[in-house]
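The values are calculated or read from the model by the stated rules, or taken from the named source; none is laboratory data. Quick caveat, the model's predicted, so the values are computed rather than measured. Note: ideal-geometry Cβ built from the backbone for every residue, glycine included; neighbour counts use all protein chains shown. Note: accessible area is taken over every heavy atom of the protein model, side chains too, but ligands, DNA and RNA are not part of it. Shrake-Rupley method; radii C 1.70, N 1.55, O 1.52, S 1.80 Å.
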Amino acid sequence: KNVVQIREELRQMGNYLQIQNIRFPNRFEIEIDVPEEVRECEIIKFVLQPVVENSIQHGILQTPSQSGNIFVTAVRDGNHVTIRIKDDGIGIPKEKVDELNAFLCDINKHPEKDQGLGYGIFNINRRIKLSNGNEYGITIESCCRQYTLVTIKIPLLDKEGTVIV
């Protein structure tokens, strides 16, 4: 299946976090606030776990304590769902956030390996936009030494992955 319920994505994300907590004992806490009606909504596969992976690898593990929190919230807004994943890691400098968001706006841009932008978030965003339209996708917000917030906007989908109008 190309699409799964958000509840399945949350489960996969939770499994990943359990593995990381075995590797790095009790360094990560996660708080999930996703209403049941949103958990039943469909999403393309493999979206949430890579974002949480970035939160851990590039945010939390870069702090002096190498521990931190991840907050996942989601709301349904009319005919779309907004998912927010926030960590209290090291954060990203404003210039880098601007660069990342510029790449995320244009699916025809491809990050170069030497730019340090990575491919995970870029590929997720590209899949969302190609499947559902340019009004959907990922944006990033961050404050150095405080937090990074990744916002994922997706349309309501049926079980076949077709946008519900």
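Taking Asn69 and the conditions (1) surrounded by 17 or more Cβ atoms within 10 Å (Cβ to Cβ); (2) part of a strand (DSSP E or B), which numbered condition does it fall short on, given that it satisfies the others?
With respect to (1) surrounded by 17 or more Cβ atoms within 10 Å (Cβ to Cβ); (2) part of a strand (DSSP E or B), Asn69 is out only on (1).
Which of the residues spanning the range 124-140 are over 18 Å from Gly78 (Cα atoms), in a helix (DSSP H, G or I) and polar (S, T, N, Q)?
The answer is Asn125, Ser131.
Which of the residues spanning the range 141-154 are in a strand (DSSP E or B) and either free of Cβ contacts under 8 Å to residues at least 40 places away in the same chain or surrounded by fewer than 21 Cβ atoms within 10 Å (Cβ to Cβ) (or both)? Spell out how you get there, then give the answer.
Looking only at the range 141-154, we keep the residues that are in a strand (DSSP E or B), and these are 141-143, 147-154.
Once the filter is applied, which keeps residues that are in a strand (DSSP E or B) and either free of Cβ contacts under 8 Å to residues at least 40 places away in the same chain or surrounded by fewer than 21 Cβ atoms within 10 Å (Cβ to Cβ) (or both), the range 141-154 yields Glu141, Cys143, Tyr147, Leu149, Thr151, Lys153.
With the structure loaded, tell me whether Glu36 is of a type in the set (Asp, Glu), over 18 Å from Arg76 (Cα atoms) and more than 16 Å from the chain's Cα centre (by Cα) or whether it fails that test.
Details: of a type in the set (Asp, Glu): yes; over 18 Å from Arg76 (Cα atoms): no; more than 16 Å from the chain's Cα centre (by Cα): yes.
Taking the combined requirement at face value, the residue does not satisfy it.
Working carefully through the options Asn101, Asn26, Asn108, find the one that is modelled with pLDDT under 95, more than 13 Å from the chain's Cα centre (by Cα) and assigned to a helix (DSSP H, G or I).
Details: Asn26 fails: assigned to a helix (DSSP H, G or I); Asn108 fails: assigned to a helix (DSSP H, G or I).
Exactly one of Asn101, Asn26, Asn108 is modelled with pLDDT under 95, more than 13 Å from the chain's Cα centre (by Cα) and assigned to a helix (DSSP H, G or I), namely Asn101.
Val4 - would you say it is among the aliphatic types (A, V, I, L, M), in contact with an Asp or Glu (Cβ under 8 Å, 6 or more places away or on another chain) and under 21 Å from Gly78 (Cα atoms)? Steps first, answer last, please.
Numbers: among the aliphatic types (A, V, I, L, M): yes; in contact with an Asp or Glu (Cβ under 8 Å, 6 or more places away or on another chain): yes; under 21 Å from Gly78 (Cα atoms): yes.
Yes; evaluated as a whole, the condition is true for this residue.
Looking at Lys86, Lys109, Lys94, which is the one that is without any contact (Cβ under 8 Å) to a residue 12 or more places away in the chain and open to solvent by 70 Å² or more (accessible area, probe 1.4 Å)? Before you say what the answer is, go through the steps one by one.
Numbers: Lys86 fails: without any contact (Cβ under 8 Å) to a residue 12 or more places away in the chain; Lys94 fails: without any contact (Cβ under 8 Å) to a residue 12 or more places away in the chain.
Criteria check complete, one pass: Lys109.
Looking only at the range 7-27, decide whether some residue is surrounded by fewer than 14 Cβ atoms within 10 Å (Cβ to Cβ) and aliphatic (A, V, I, L, M).
Scanning the range 7-27, I find at least one residue that is surrounded by fewer than 14 Cβ atoms within 10 Å (Cβ to Cβ) and aliphatic (A, V, I, L, M), so the answer is yes.
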